C-alpha cells in the first residue's frame, strides 16, 4: 500500500499534461498540503489525506472535498473537463461504429 506522498507523486505524474507546476507546502503522515497550477493557469491550494482532496480557499478556509484527483481537476480546470468530455464522446462514437 502506498503512503500519501507516494500516491500523490503517482497522481501528479499521471496528470502532468494538465498541470503546469506543483509545489509542496507541508507533509506529515496524515496530510499533504500543496498547490497546483492547471493548464488554465489557475493556481489552487489543496490538502490531501485519506478522506480525499480538499480544495483550500483563500486565507486557509476549507472548501470542497473531492474523492479523487480527477474530480478535483474537473471542478477547477475547464480545459481538463473539455478534454475528458471529448475523449468520452470519441469512445462512445467508436463503440457505436
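Here the sum of -39500 (n - 2.57) over DSSP H runs of 4 or more residues, divided by the residues of the chain, equals -12500 deg cm²/dmol at 222 nm, to the nearest 500.
Computed from these coordinates, which is Kirkwood radius over Cα pairs in Å: (1) 16.9; (2) 15.3; (3) 14.3? Computing Kirkwood radius over Cα pairs in Å and matching it to (1) 16.9; (2) 15.3; (3) 14.3 gives (3). Inter-label distance, residue 21 to residue 79: 1.5 nm, where each label sits 7 Å from its Cα along the C-beta direction. Packing-based ranking of 82-90, 38-46 yields 38-46, 82-90, ordered from highest to lowest mean Cβ neighbour count within 10 Å. Once you divide the Cα radius of gyration of region 1-54 by 2.2 N^0.38 Å, the number left is 1.08.
Taking 0.36 nm per residue of sequence separation and removing the Cα-Cα distance, the residue 88/residue 10 pair yields an extension gain of 25.8 nm.
Read-outs: derived from the displayed coordinates by stated rules, not from any lab. In this text, all values refer to a predicted model and were calculated from it rather than measured experimentally. Because the Cβ atoms are built from the backbone with ideal geometry, glycine has one as well, and the counts that use them run over all protein chains shown.
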